[in-house]
Amino acid sequence: MMGVLWMFLCLSGVTGTTLMGLNKAGLPFRDRFEAVVVALPLGWGVLGYAVFVLGAAGGLFRPVFSVLLIGAFVISARLMLPMVAGLAMDFVKFIRNRRYDAVLVAVFLFAVFWVLAGVAAPPSGHDELCYHLTQPRNFVRAHAIYAVPYSVNVLWPYLTQMLFTLGLLLGGAGLAKAFHFILYLASAGAVAALLRRSSRPEAAFYGALIYLMMPAAMIQSAFAFVDNALACFILMGFFCMDVYLKDRKTGWAVLTGVFFGFAAATKLVGLFALPAAVLIYVVRTVRSRDKRGLLGGAAIMALWLCLAGGMWYLRSFVLTGNPVYPFYPELFGGSGFGDVTYVDAHARGTDFVSFLLLPWDLTMHPAWFGGEQVGPILLMFLPVCVLWVSVGRRAAYVLAAAVGMAVPWFVVDANVRFFYGGLAMACAAAGLAFFELSQIQAAVWRRLFKTLFLGVMVLEALLAAYHFWDEAALWRGADREVYADTRIRGYALSKKINALLGADAKILSSGENRIYYLDAPVVLEGDYWRMSRYPEGIDNAADLASRLEADGFTHLLVSSTEHSGEFSGSSGVWRAQRLAWDADAGRSFVEPCLKDRFEDVEYTLYRLKRPEDS
């Protein structure tokens, strides 16, 4: 319950104080919905930077942020309480006498029940256990934000991880995961805001719902990932830019730069939105009579983009000499490494025809793009924007943004979760297309389209139930320890290691990245290898053992996934795994102290012997 209270304070207090600032700046909003849609992600982005600044000063303590959040709530309560009541009344008025839309809302609420069960469950996703929650846990333990030694990912843009840090500090992992869930809802709000400026409220409703029910975004919202947050900031950047190009109010130019900066501060692939934004802006400027004014607006956007997002890249450059470490080392004096992709995302190819077939391939062949499902809705309704000219004109802005973001994504690393911003834009276009189809005069076709749409929504809601069935059992009283032991790789192992090791232990982990539940400091061997280049100059087991001891390691955790020929006795590569696999040399410097198994993966924890002892 405390986590719910803290989330309420973050939602109401931070959003409210941000809205007060926007009102003082004189920024014109169409209505209270648009005001809240802008204020929430803006306030949370600022909150993330507040966590970073206070954490960098060693101020990560619960009383500090308790005072800030409670103070923000007290200051803004008179504004937010009637604002929330008004939004509720607006929604009731919208949904009243719309039985079909009310059914859609019921289907969504059914899906949300299961998703929230996932939010409340113990963390289990690979990336959240590898670094999204692991590094914030390190920050909370140290009461400070710092560059964790031999960690590649801690050098990346970490704005959303600052919110996870606050969540762990105040309410634990469930609150940290809830930040990502709320930003998933905010992404749908941004889709609606985009469409409400150019179409009817019904189209905005359908576009937002399509994004909310997209399986990839919906399921991932239950994990402490950052991709829905990235989509939210990208959408808000394009929304504010669109409003600025129409209204020419300087405040919208500032917000455009800030939100695109937040996107770049969330993930490196947030930079993929910038070429599309620049191209759209240039085209609109060329067509405008006020070219000088728009050039001034572009300068304002660029300045605020750098202020809101550039710090993370400057930090990486200062620490490593590469602002986008570890990528593109050839451009930065060899700082970094070259394996920049995570999935084989070009099974069909990288030619122009393959690019044109992306809607089909994303739907029918999700394994080519990381395995996450986008569902059939986009494939069903996006062609309407091409075949129905008037619909295509109204959807031109969001389609241009989606296609513009798809190009660098497809060329560089076509993993579907790196493309949520572009998919959200496509959802906006699909929502507009479905709204137009739902209004055609032929009753038979109208009913057919509505039935198909509802059928897909129900199917996707059932997918949420299937995915989070075991997590929902925790709400019915199932044992959380049994769930974690049997469902979360590395959990039972971590408990055994925590019981075995003392406070002075330090683990080098090879082949197992899910280290969140381990109490001892852990370094991933892959990061240690790349960042220290420790095998260089080492050609025997004794030198390797001495090097590991010099860096403070006391134990080596090896997974059977690393048992390959590369580290066999015949290999000339003396990396840490070889101490485990080389029977002749390894036994002199390591001894097994724990063995465990999860499904088909075997683990062995070795104690590293001091070279002089052996």
query = All but one of (1) open to solvent by 30 Å² or more (accessible area, probe 1.4 Å); (2) closer than 30 Å to Thr256 by Cα; (3) assigned to a helix (DSSP H, G or I) hold for Thr18; which doesn't?
reply = (1)
request  = Would you mention how many residues in segment 439-458 are farther than 18 Å from Arg393 by Cβ and without any contact (Cβ under 8 Å) to a residue 40 or more places away in the chain?
outcome  = 11
remark   = So the helices (runs of 4 or more DSSP H) completely within segment 317-430 holding 3 or more residues that are of a type outside the set (Ser, Thr, Tyr), open to solvent by less than 60 Å² (accessible area, probe 1.4 Å) and within 17 Å of Leu268 (Cβ to Cβ) are 396-412
message = Condition check: among the aromatic types (Phe, Trp, Tyr) and free of Cβ contacts under 8 Å to residues at least 12 places away in the same chain. Does Tyr420 satisfy that?
response = no
Single residue of segment 586-610 satisfying the filter (crowded, with 18+ Cβ neighbours inside 10 Å and more than 40 Å from the chain's Cα centre (by Cα)) that is modelled with the lowest pLDDT = Gly586
remark   = Counting only residues in segment 206-262 that are under 14 Å from the mean Cα position of the chain (by Cα) and of a type outside the set (A, V, I, L, M, F, W, C), the one farthest from Leu109 (Cα to Cα) is identified as Asp227
key: Residue match in segment 457-467 (condition: aromatic (Phe, Trp, Tyr) and open to solvent by 10 Å² or more (accessible area, probe 1.4 Å))   = yes
ask   = Looking at segment 130-139, which of its residues are crowded, with 24+ Cβ neighbours inside 10 Å and modelled with pLDDT of 95 or more?
value = His132, Leu133, Thr134, Pro136, Phe139
inquiry  = Here is a check on your reading of the model: is Phe205 in contact (Cβ under 8 Å) with a residue 24 or more places away in the chain and part of a helix (DSSP H, G or I)?
reply    = yes
ask   = Of the numbered conditions (1) at pLDDT below 95; (2) open to solvent by 50 Å² or more (accessible area, probe 1.4 Å); (3) assigned to a helix (DSSP H, G or I), Gly26 satisfies every one except a single condition; which is it?
value = (3)
ask   = Checking Gln439 against (1) open to solvent by less than 70 Å² (accessible area, probe 1.4 Å); (2) modelled with pLDDT under 95, which single condition isn't satisfied?
value = (1)
query = Out of curiosity, is Gly502 small (Gly, Ala, Ser) and under 30 Å from Leu268 (Cα atoms)?
reply = no
request  = Only residues in segment 274-298 that are outside any loop (DSSP other than H, G, I, E, B) count as the first member; pair them with residues that are open to solvent by 20 Å² or more (accessible area, probe 1.4 Å) and at pLDDT below 90, Cβ under 6 angstrom, at least 6 apart or cross-chain, and list the lot.
outcome  = Thr285/Lys291
request  = Run down Glu481, Glu460, Glu549 and say which single residue is of a type in the set (D, E, K, R) and under 24 Å from Leu133 (Cα atoms).
outcome  = Glu481
request  = Scan segment 39-58 and give yes if some residue there is over 18 Å from Met236 (Cα atoms) and in a loop (DSSP other than H, G, I, E, B), otherwise no.
outcome  = yes
query = Is it the case that some residue within segment 275-287 is of a type in the set (Phe, Trp, Tyr), open to solvent by less than 20 Å² (accessible area, probe 1.4 Å) and within 21 Å of Phe410 (Cα to Cα)?
reply = no
key: Lone unmet requirement of (1) within 26 Å of Gly370 (Cβ to Cβ); (2) out of contact with any Gly (no Cβ under 8 Å at 6 or more places or on another chain) for Ala406   = (2)
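The values are calculated or read from the model by the stated rules, or taken from the named source; none is laboratory data. Since the structure is predicted, the reported quantities are computational estimates derived from the model, not experimental observations. Using ideal geometry, Cβ is built from the backbone for each residue, glycine included, and neighbour counts are taken over all protein chains shown. The accessibility values were calculated without ligands, DNA or RNA, using every heavy atom of the protein model including side chains. Shrake-Rupley method; radii C 1.70, N 1.55, O 1.52, S 1.80 Å.
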